[in-house]
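This report refers to the structure that appears directly beneath it.
The values are calculated or read from the model by the stated rules, or taken from the named source; none is laboratory data. In this text, all values refer to a predicted model and were calculated from it rather than measured experimentally. Quick reminder, even Gly has a Cβ in these numbers, built from the backbone with ideal geometry, and neighbours come from all protein chains shown. For the accessible areas, the whole protein counts, side chains as well, though only heavy atoms, and no ligand, DNA or RNA atoms are used. Shrake-Rupley method; radii C 1.70, N 1.55, O 1.52, S 1.80 Å.
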Amino acid sequence: MGKLLELLEKLVRAIFGPGDERDTGGPEPAPQAPKAEAVVGWEGDPPYRYIDVSRYQGLIDWAQVAAAGYKGAMLRAVSTNRKLSKRADGLYIDPTFESNYRNAKAAGLDVGVYYYTNATSEAMADAELALLRQALRGKELTLPVAVDVEENKLKPMSTLDLTNLTAYALEKVEKMGFYAQLYTYTGYKYELDMARLSSRWDVWLADYTGKTPNVTFNYNAHQHTSKGSVPGISGNVDLNVTTLNYPKIIRKKGLTRLREA
């Protein structure tokens with residue numbers, strides 16, 4: 001009987017293979033997180049991975065960022081802070097903007113910008129945009145110029161008024177000669193008419209659920225965490241991904257520089 005069972009076992013192995021002799025009946029090991037070398041840009045397959053930074057990231061070693069595989073950076077250009085600003089309205093150009101622009105470009109990264117809006121009127125929006133124009137004079141961009149709409153102080157505005165003001169700012173960015181983009185986060189969609197805005201402008205959406213954002217409007221860029229770790233940067237940094245080739249589109253459309261007129 002023993003020889004018969006041995007013969008049957010050999011026959012089964014010959015037909016079905018040896019099987020996984022390491023299987024102990026326990027759970028399968030979790031898949032390994034992608035390593036730095038898995039981060040690719042347009043030289044490989046999409047998605048295109050990039051970061052966004054401001055003064056909160058401090059001094060950045062952009063050569064290390066590029067060496068880690070990130071292909072682009074969105075830099076904060078303008079915001080409001082009455083302690084840092086010398087202006088009565090509190091507007092200021094981010095103190096790291098110039099050095100980040102210069103060093104990110106030198107490292108070979110694509111560069112775009114965003115500005116954090118606190119505007120509740122067209123007059124306030126015009127003041128922000130005028131300072132943005134000042135910051136961008138002489139710069140060459142190959143990523144969008146984004147209007148960052150997420151401030152809680154804007155929420156008392158009606159959806160119509162805030163949507164109209166956002167559209168106003170985006171149109172002004174376009175008239176400057178850049179690729180205009182709206183940045184906001186998933187929960188803020190209730191403050192804006194996203195169906196209207198996304199049908200006209202590109203959307204960069206923040207959503208940290210770890211899943212595909214549960215929204216009904218179109219977006220092309222996804223900020224998927226605010227707690228990323230990137231070589232060359234101390235502390236947390238926002239990480240973004242897109243499958244849209246912004247540099248190619250922006251260069252082809254000639255939207256790389258400020259229209260001085």
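If only residues of the stretch 223-261 that are assigned to a strand (DSSP E or B) and free of Cβ contacts under 8 Å to residues at least 24 places away in the same chain are counted, the one that is surrounded by the most Cβ atoms within 10 Å (Cβ to Cβ) is 224.
Please indicate, with yes or no, whether at least one residue in the stretch 202-220 is part of a helix (DSSP H, G or I), hydrophobic (A, V, I, L, M, F, W, C) and open to solvent by less than 10 Å² (accessible area, probe 1.4 Å). No, because not a single residue in the stretch 202-220 is part of a helix (DSSP H, G or I), hydrophobic (A, V, I, L, M, F, W, C) and open to solvent by less than 10 Å² (accessible area, probe 1.4 Å). Within the stretch 207-218, can you find the residues that are in contact with a His (Cβ under 8 Å, 6 or more places away or on another chain) and not charged (D, E, K, R)? Within the stretch 207-218, 208, 210, 213 qualify.
Considered as a group, the residues in the stretch 56-92 that are farther than 19 Å from residue 227 by Cα and aliphatic (A, V, I, L, M) include one that is farthest from the chain's Cα centre (by Cα), and that residue is 88.
Restricting 110, 161, 202 to residues that are touching a helix residue (DSSP H, G or I) at 6+ places or on another chain (Cβ under 9 Å) and farther than 22 Å from residue 55 by Cβ narrows the list to 202.
One line per residue, one yes/no per condition, for (1) on the phi > 0 side of the Ramachandran plot; (2) of a type in the set (A, V, I, L, M); (3) part of a strand (DSSP E or B):
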position	(1), (2), (3)
56	no, no, no
63	no, yes, no
69	yes, no, no
84	no, yes, no
89	no, no, no
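Name every residue in the stretch 56-68 that is open to solvent by less than 70 Å² (accessible area, probe 1.4 Å) and either of a type outside the set (Asp, Glu) or under 22 Å from residue 205 (Cβ atoms) (or both), in order of residue number. If the condition is that a residue be open to solvent by less than 70 Å² (accessible area, probe 1.4 Å) and either of a type outside the set (Asp, Glu) or under 22 Å from residue 205 (Cβ atoms) (or both), then 57, 58, 60, 62, 63, 65, 66, 68 are the ones that fit. Pairing residues of the stretch 57-71 that are within 9 Å of residue 109 (Cα to Cα) and touching a residue at least 40 places away in the same chain (Cβ under 8 Å) with residues that are basic (Lys, Arg) and open to solvent by 60 Å² or more (accessible area, probe 1.4 Å), at Cβ distances under 7 Å and at least 6 apart in sequence or on separate chains, gives 70/49.
Scanning the stretch 154-184 for residues that are over 23 Å from residue 248 (Cβ atoms) and without any contact (Cβ under 8 Å) to a residue 12 or more places away in the chain, we see that the one that is most open to solvent (accessible area, probe 1.4 Å) is 156. Among the residues of the stretch 113-123, not a single one is small (Gly, Ala, Ser), surrounded by 15 or more Cβ atoms within 10 Å (Cβ to Cβ) and under 20 Å from the mean Cα position of the chain (by Cα). Just so you know, in the stretch 187-196 the residues that are at pLDDT 95 or above and more than 30 Å from residue 137 (Cβ to Cβ) include one that is surrounded by the fewest Cβ atoms within 10 Å (Cβ to Cβ), and it is 195. Residue selection: residue 101 fails the criterion of being part of a strand (DSSP E or B) and either open to solvent by 10 Å² or more (accessible area, probe 1.4 Å) or at pLDDT 95 or above (or both). All of 139, 71, 83 fail the test of being more than 18 Å from residue 256 (Cβ to Cβ) and open to solvent by 10 Å² or more (accessible area, probe 1.4 Å), apart from 83. Among the residues of the stretch 187-200, those identified as touching a Ser or Thr at 6+ places or on another chain (Cβ under 9 Å) and either of a type in the set (A, V, I, L, M) or part of a loop (DSSP other than H, G, I, E, B) (or both) are 191, 192, 193, 194, 195, 197.
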